[in-house]
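What follows is a set of notes on a single structure, which appears directly below.
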Amino acid sequence: MSVASPALPVRAERLWAALLAATLMNLPLGSVYSFSVLLRPIEQELGIPRSALSLVFGLATAGFTVGSVGAAFLYRVAPAPILVLASALVAAAGIALAATASGLPQLLLGYGVVFGTGGGVAFILLQQGVNMLVRRRQGLVNGYMVSLYPMGAMIATPLFHASNEAFGWRTTLGGLATVLVAGGIAATLLARYSGTRLVAPVSSSASTTGPSLLGPTFLKLSATFFLAASAGLMVLSQAREIVAAYGGAATLAVAATTGITAAIALARISGGWLVDRFAVPYVMCTAHAVALCGGVLLTLLPSPVTAVVGLGMIGLGYGFVSGSTAGGIGIYWRAADYGRVAGRTYIAWCLAAVSLPVLAGYLFDLTRAYGTAVMIAAGANVAGMAMALTMPRHGWREKG
């Protein structure tokens, strides 16, 4: 006891540094959710159709997934700070490549593959480091972690819009690359100071056997997350254009995009907080119901105002599910397994990004409307409600 007890306060005191490192790195990475602001200027300059640009966003999420799954294999390659810096530089290089794009292939490679993969690795490294330090309120902490992406988009959306108008989209991406480098350096220094580690000591209690990483609970959690993310990513990636398609002015569309991402960020924190207090399946089912109401509202009463409200509700539902998924992983699995499970869960996020968001872009190219895509999203929320209720109500620790 006399040897072990002093170690815990030291690590707890440095949790703030690990959280700050994650914040500074993930906020600019979250600008991926502001991609809808880049659609029109890129479309106009390069003549790329909306469906193809939706594929760029989809490939970025695929790259993120590859990076998040692969991050677990890097834990022992180098110390956490070195890995964080390397992944940040890769992400910045991808954005710099996209800023010089002359066509779709370079956008797909730079923004989709390189930026997405580097961002995925950085995200999981920092999230794993935080979970190795946190001792309680795992739901709230992990809800905050996943809220950083929409928080970043909330900041980036008005800045991107203003930069596009004043300097053009290439300068916007160049500025983002610079911020990623600066954020990566700061996160590296903070990760070093925090004492972040990615693997548990052999003698740690965290080495006790936990639940299966790919068992029924994982599959149900991933399916519920996929159904919410399909609708939510459609909103995040194309919110500006969806509001405009329902008759909203450009100012309203940009304001709505910013407001929706802010709501999603708050919902992610709240979703994590809620699973610390209520059973994960109940939180997720209720979240899907909120999103469903938004889809029904927009379908029955289409207008600029209901577009903003309806999309906001769909986004809120997705945010609650995302936060409760992140928190649920901390409840269902050991801290040492968090990064591995979270990375694999993002496969569902990737599949969601290349399904309904891409389909919505394709349907818009055909019909110049988003009505059908909104109805499909509502159907996904109904299925999500049913799937959520099949999940276990208690974590492995509570089961003993």
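Only the coordinates and a few stated rules stand behind these numbers; no lab work does. All figures in this text were calculated on a predicted structure; none of them were measured in a lab. All Cβ positions, even for glycine, are placed from backbone atoms using ideal geometry, and neighbour counts span all protein chains on display.
Remarks
- A value for percent of Cα pairs over 30 Å apart was derived from the coordinates, and within the list [x] 46; [y] 35; [z] 41 it appears as [y].
- Burial ordering of H161, H394, fewest other beta-carbon atoms within 10 Å first: H394, H161
- Equivalent ellipsoid dimensions for the range 316-400 as semi-axes, Å, which come from the Cα gyration tensor, largest first: 32, 15, 8
- Computed over the range 143-183, the Cα gyration tensor eigenvalues convert (square root of 5λ each) into semi-axes of 22, 13, 5 Å, ordered from largest to smallest.
- Taking other C-beta atoms within 10 angstrom as a stand-in for reagent exposure, S163, S51, S324 fall in the order S51, S163, S324, fewest first.
- Virtual paramagnetic centre 7 Å along Cα→Cβ of F278, amide N under 19 Å, in the range 219-236: 221, 224-225, 228-229
- Inter-label distance, A386 to T299: 1.5 nm, where each label sits 7 Å from its Cα along the C-beta direction.
- As a rough footprinting exposure proxy, the listed residues T100, T286, T258 were ranked by other beta carbons within 10 Å of their own, and the order from fewest upward is T100, T286, T258.
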